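What follows is a short report on a single structure.
The values are calculated or read from the model by the stated rules, or taken from the named source; none is laboratory data. These figures come from a predicted structure and were not determined experimentally. Note that each Cβ is placed from the backbone with ideal geometry, even for glycine, and that neighbours are counted across all protein chains shown. Ligands, DNA and RNA are excluded from the accessible area calculation, which covers all protein heavy atoms including side chains. Shrake-Rupley method; radii C 1.70, N 1.55, O 1.52, S 1.80 Å.
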Amino acid sequence: MLVKIFGSAVYGVDANLITVEINITLGAVNFFMVGLPDNAVKESQQRIQSALKTNGLKWPGKHIVINMAPADVRKEGSAYDLTLAVGILAGSEQIPHQEVGNYMIMGELALDGGLRPIKGALPIAILAREQGMKGFILPSANAREAAIVDGIEVYGVDNIMQVISFFKGEKPLEPTVVNTREEFFKHLYESDVDFSDVKGQENIKRAMEIAAAGGHNILLIGPPGAGKTMLAKRLPTVLPPLSLREALETTKIHSVVGNLSRDSALVTQRPFRSPHHTISDVALVGGGQIPQPGEISLAHNGVLFLDELPEFSRGVLEVMRQPLEDRNVTISRARMSVEYPCSFMLVASMNPCPCGYYNHPDKDCVCAPGVVQKYLNKISGPLLDRIDMHVEVTPVPINELAEDHTSEKSEEVRKRVISAREAQTVRFKGLEIHCNAQMGSKTLREVCALDDAGRAMLKKATDRLGLSARAFDRILKVSRTIADLDGSDRILPNHLAEAIQYRSLDRANWAG
């Protein structure tokens, strides 16, 4: 008997329909699987045989041919186990075959017939809805993430016998139901950290607020123990909450890599990713033989924190240049090309020199002449050009740490940030721009027009401080954000003056 059943392959963050044709006929006992299956798919025969035997079912001793179409696309992973098992049972008439083709069926089988979670359940559920299928049968561990897709029944199962009973009409499956909006708002503002935890550093908090309000990349420069990492980890708490669209985009990426827990249906908080400086370029931007998203995509709609920036391999840092500009990364292989979104805020930190105490108020730097500049040169000009704000962080005096003074809470800062972002949403309506940091040259000239006093101030600052030409646009973008926080339609001299101070590394005499 010939049976058609449906599974899916995930490429990038989108799923593609895979039609599995199973033909079981009389003849020599053979098993053939075609359609470019990889080793994990081919090994499914042993897992399926064991699962069927353990549960008192029969492996058909006949001529079995399985074709996975389209045949020119490689099929990878163990998620086709359940698809193939149900198809074989239907083809050998152990279960009715009429309904199996109306469902998307995916899951990895254990030898006892239990089901293990799969990757990419959310994009597969979206595909099943688009294909007009009755439902999606998958492991219980993935049911909640798939159930956030409206318009399709999602059935979570724990073992193959539940699926067999369902198709035999013996025991119905209960669909998993998730209230997407309730799930979205339930954990929206939950966080274990808060800006009020940081004593002192009010000027740095102000810089972080500006960065959050305009979506600006920021570099924190200071000695060990100054609080750079502590501040960076609290940045997501002052960012605007994810919109439902952003939450779904982010969840798709984390679904593809299998990062969602059993109880998690939706990523509702902005991601914060902090890879170690030994990370490879493939792990950072994505890739591999089977292209997978990297850290920059896992940080989509959130924050990517690179601690000790000069310690990262120069090659690793350089591959970030294009994604920082385009906010997506394309990974090309011989057989396919996949695209992952990566719109993130880059927050980086570094010591000012190898010993860490250059420009320290109390301790002397012991680095030899020229070493500081050599250390800074580990970060290329083009990469530094994509970082809008350079902020010097100095240690908090002991007397301030001992004070019982309550700092401003993240919630209060976030209100100002949201207000500034709302002004930008109105300003950029109809454009593919969501915040000031994303402005191109043309938009920048229109939105950040200066009066005579402002132009004179910027020219004077450029000449006196030795600012590089590339700092010009960055200063305009940051000053526009400061004006938004101030509720001003125009960029005033005080907004420019504050923005100028956030370009430390562009000063010709910074490293002596």
For the range 223-232, 3J(HN,Hα) per residue [Karplus equation, 6.51 cos²θ - 1.76 cosθ + 1.60, θ = phi - 60°, Hz, x = Gly/Pro]: x, x, x, 7, x, 4, 5, 4, 5, 4
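Among the listed pairs Lys205/Lys460; Lys205/Lys374; Lys228/Lys409; Lys119/Lys171; Lys53/Lys134, which have their C-alpha atoms separated by more than 22 angstrom in this model? Mind dumping the intermediate values first?
On the way: Lys205/Lys460 27 Å; Lys205/Lys374 29 Å; Lys228/Lys409 18 Å; Lys119/Lys171 27 Å; Lys53/Lys134 29 Å.
Pairs exceeding 22 Å: Lys205/Lys460; Lys205/Lys374; Lys119/Lys171; Lys53/Lys134.
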Between 0 and 90°, nearest 10: helix 452-465 axis offset from the chain longest Cα axis: 90 degrees
Mean projection area, nm², convex hull over Cα of the range 107-168: 4.0 nm²
Size of the range 150-284 as Cα extents on the principal axes (Å, biggest first): 68, 34, 23
Fraction of alpha-carbon pairs over 18 Å apart in the range 167-212 - percent: 64 percent
DSSP bridge orientation in the chain - percent antiparallel, rounded to nearest 5: 50 percent
Interchain or long-range residues, amide H under 5 Å from Ser343's placed H: Asn301
Amide H partners (placed H, <5 Å) of Tyr11, local residues excluded: Asn16
Å² per residue, accessible surface of the range 325-470 at 1.4 Å: 57 Å²
Karplus (6.51, -1.76, 1.60) ³J(HN,Hα), θ = phi - 60°, over the range 386-394, in Hz, Gly and Pro reported as x: 8, 9, 6, 10, 10, 10, 7, 10, 10
Ranked by how many other beta carbons lie within 10 Å on average, peptides 498-506, 164-172 from highest: 498-506, 164-172
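To one decimal place, what orientation-averaged projected area in nm² is obtained for the convex hull of the Cα set of the chain?
Numbers: hull surface 111.3 nm².
Orientation-averaged projected area of the Cα hull: 27.8 nm².
Using the Cα centre of the chain as the reference point, and only Cβ charges (+1 on K/R, -1 on D/E), how large is the resulting charge dipole? Debye, rounded to the nearest 20.
On the way: 57 positive and 61 negative charges, 193 e Å.
Once rounded to the nearest 20, the dipole reads 920 debye.
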Surface per residue (accessible, 1.4 Å probe) for the range 83-164, Å²: 32 Å²
Computed accessible area, Thr176, all protein chains, 1.4 angstrom probe, square angstrom: 40 Å²
Carbon plus sulfur fraction of accessible area for the chain, probe 1.4 Å, in percent: 49 percent
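What relative contact order, as a whole-number percentage, does the range 355-500 give when Cα pairs under 8 Å and 6 or more residues apart are counted? Could you put the intermediate results ahead of the total?
Numbers: 89 pairs, mean separation 31.7, N = 146.
Worked out over the range 355-500, it gives 22 percent.
Taking the highest mean first, how do the peptides 19-32, 146-159 order by number of other beta carbon atoms within 10 angstrom per residue?
Working: 19-32: 13.8, 146-159: 20.5.
Put in order of decreasing packing, that is 146-159, 19-32.
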Hz values of 3J(HN,Hα) by residue in the range 372-385 - Karplus curve (6.51, -1.76, 1.60), Gly and Pro given as x: 4, 5, 4, 5, 5, 5, 5, 9, 5, x, x, 6, 4, 5
Hydrodynamic radius of the range 369-512 per Kirkwood, over alpha carbon pairs, in Å: 17.2 Å
Whole-Å semi-axes of the range 14-93's equivalent ellipsoid (Cα gyration tensor): 21, 15, 11
